[in-house]
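Everything on this sheet refers to the single structure shown next.
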Amino acid sequence: MSRIWTRDLLDNPAGRVLRRYVFPGLLLAIGIAEVITQKAKYKRYEYNGFDAVCIGVGFISIGLMSLVAVTPQISEKIDLRLKSRMMFVLSVVFICAFGTALLRNI
């Protein structure tokens, strides 16, 4: 019985296109849509207003982190120090945005 692993699915030319361009673009599009409409659905819960904007900002930061990390056109042109600073700042933005949205609804 053969098993299909995610690593095998994403480690071919089509998977690399998905990982480099489609997934980050999709995350950015979802985040921008949530910020504009101020409605977000995360897991089974629906958020409105400021909470939805925070979740949208979190998705945007994850999309930007993916772009910086795996897209060769961006990744190769950025200095390593700038890249690590961008990843750190985007990680802090993600943690703060999601933390604000999720902890407000406890």
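The values are calculated or read from the model by the stated rules, or taken from the named source; none is laboratory data. Since this is a predicted model, take the numbers as computed values, not measurements. Every residue, glycine as well, gets a Cβ built from its backbone with ideal geometry; the counts of neighbours run over all protein chains shown.
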**Prompt:** Do the conditions hold for residue 56, that is, is it in contact with an Asp or Glu (Cβ under 6 Å, 6 or more places away or on another chain) and of a type outside the set (A, V, I, L, M, F, W, C)?
**Reply:** yes
**Request:** Taking the residues in the range 24-56 that are in contact with a strand residue (DSSP E or B) (Cβ under 8 Å, 6 or more places away or on another chain) and among the polar types (S, T, N, Q) as candidates, determine which candidate is surrounded by the fewest Cβ atoms within 10 Å (Cβ to Cβ).
**Result:** 48
**Positions within the range 59-74 being of a type in the set (S, T, N, Q) and under 8 Å from the mean Cα position of the chain (by Cα), in sequence order** = 61, 66
**Item:** Residue that is modelled with the lowest pLDDT [pool: residues in the range 1-53 that are within 19 Å of the chain's Cα centre (by Cα) and among the small types (Gly, Ala, Ser)]
**Value:** 15
**Asked** In the set 61, 75, which member is of a type in the set (Ser, Thr, Tyr) and within 24 Å of residue 13 (Cβ to Cβ)?
**Response** 75
**Asked** Is it the case that the range 64-79 has a residue that's under 19 Å from residue 99 (Cβ atoms), surrounded by 21 or more Cβ atoms within 10 Å (Cβ to Cβ) and touching a residue at least 12 places away in the same chain (Cβ under 8 Å)?
**Response** yes
